[in-house]
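What follows draws every value from the coordinates through simple rules; no lab data is involved. Source: prediction; values computed, not measured. Positions of Cβ are backbone-derived with ideal geometry, glycine not excepted, and every protein chain shown enters the neighbour counts.
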């Protein structure tokens, strides 16, 4: 069994990015890569995530900005802030930290972000490009999963992939990325019957449902690749959606929690910021 080390892979992505940015600045002293995060409210977990993103930007040479708004802000005020950033040529990427406080229409607000600055890949236009085979900016976590698999030379073509979870942020875009890699993909979710029978036939199982240690050893085949995208705070510390201790005895490759897919999300956000810059400056 081999641990898929997301922390090491993320560090590799960041190092590559740091070199690219440094080289661009050498060639053009005016070159500056910039990401702005919008944080609404005072969700402690969101504040931690935002701080981590800002620190990661600094380490690779990306200028970061933070627009911090109170939970009492109106929907229109958030949209107004987004429009200002859309029209600011010095801003390459805009990220709206999710989830928003209750009562906001997340989809409506997200779709005011310029698609060419949509580093989360969540606007309808970027989703449409992904599903239409014209990918520009795809969601960071699914892209992180694909990069880990590539890093460890895990073949996807013709493989039977079973995904548990169908969220717009992870499940649905990951489905498309696996299809693009010529895998045969089955999507399971809370209404799926005979889940165990389906997962037992998979070469690769991914899970992103937010249910601690839901995927157990009897649900996976010997030698399966297991990608755990869940992260849950429990009395016993952070746990993934996979019962790691037992499943790792059967899997050929497995991601740990923490240290698996999580670090890759921020790494791919930084990568998407460079892609966004090039999309705008090179006219898509």
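Roughly what angle does helix 44-60 make with the longest principal axis of the chain, taking Cα atoms, 0 to 90 degrees, to the nearest 10?
That works out to roughly 70 degrees.
Which one, (i) 0.95; (ii) 1.11; (iii) 1.01, gives Cα Rg over 2.2 N^0.38 Å as derived from the coordinates shown?
(iii)
From the square roots a ≥ b ≥ c of the eigenvalues of the alpha-carbon gyration tensor of segment 140-262, which class results: rounded (a/c under 1.5), prolate (a/b over b/c), or oblate?
On the way: a/c = 1.29, a/b = 1.22, b/c = 1.06.
Rounded.
By count of other Cβ within 10 Å, fewest leading, how are 26, 155 ordered?
Numbers: 26 9, 155 13.
If I rank by nearby Cβ atoms, fewest first, I get 26, 155.
If each of residue 24 and residue 45 carries a label point 7 Å out from its Cα toward its Cβ, how far apart are those two points in nm?
Here the modelled spin labels are 3.2 nm apart.
Based on the alpha-carbon gyration tensor of segment 29-117 and its eigenvalue square roots a ≥ b ≥ c, which shape applies: rounded if a/c is under 1.5, prolate if not and a/b is larger than b/c, or oblate? List each step's numbers first, then the result.
Details: a/c = 2.41, a/b = 1.34, b/c = 1.80.
Because a/c hits 1.5 or more and a/b fails to exceed b/c, segment 29-117 counts as oblate.
Order by neighbour count: 268, 1, fewest other Cβ atoms within 10 Å first, most last. Numbers along the way, then the final one.
Values: 268 25, 1 12.
Sorted ascending by nearby Cβ count, the order is 1, 268.
Can you tell me the orientation of helix 75-86 relative to the chain, as the angle in degrees between its alpha-carbon axis and the longest Cα principal axis, to the nearest 10?
70
Helix 171-180 against the longest principal axis of the chain: what's the angle in degrees, Cα atoms only, rounded to the nearest 10?
80
Work out how much length residue 218 to residue 69 would gain on full extension: take 0.36 nm times their residue separation and subtract the Cα-Cα distance, in nm to one decimal. It would help to have the intermediate numbers written out before the result.
Details: separation 149, 0.36 × 149 = 53.64 nm, distance 4.66 nm.
That pair, residue 218 and residue 69, stretches by 49.0 nm at full extension.
Any chance you could run the full-extension gain for residue 16 through residue 55? It's 0.36 nm times the residue separation minus the Cα-Cα distance, nm to one decimal.
Numbers: separation 39, 0.36 × 39 = 14.04 nm, distance 1.69 nm.
Here the segment from residue 16 to residue 55 would lengthen by 12.4 nm.
Which whole-angstrom value gives the distance between the alpha carbon centres of segment 39-72 and segment 111-138?
21
Could you list 188, 140 so that the one with the fewest beta carbons within 10 Å of its beta carbon is first and the one with the most is last?
Numbers: 188 21, 140 24.
Ascending number of Cβ neighbours within 10 Å: 188, 140.
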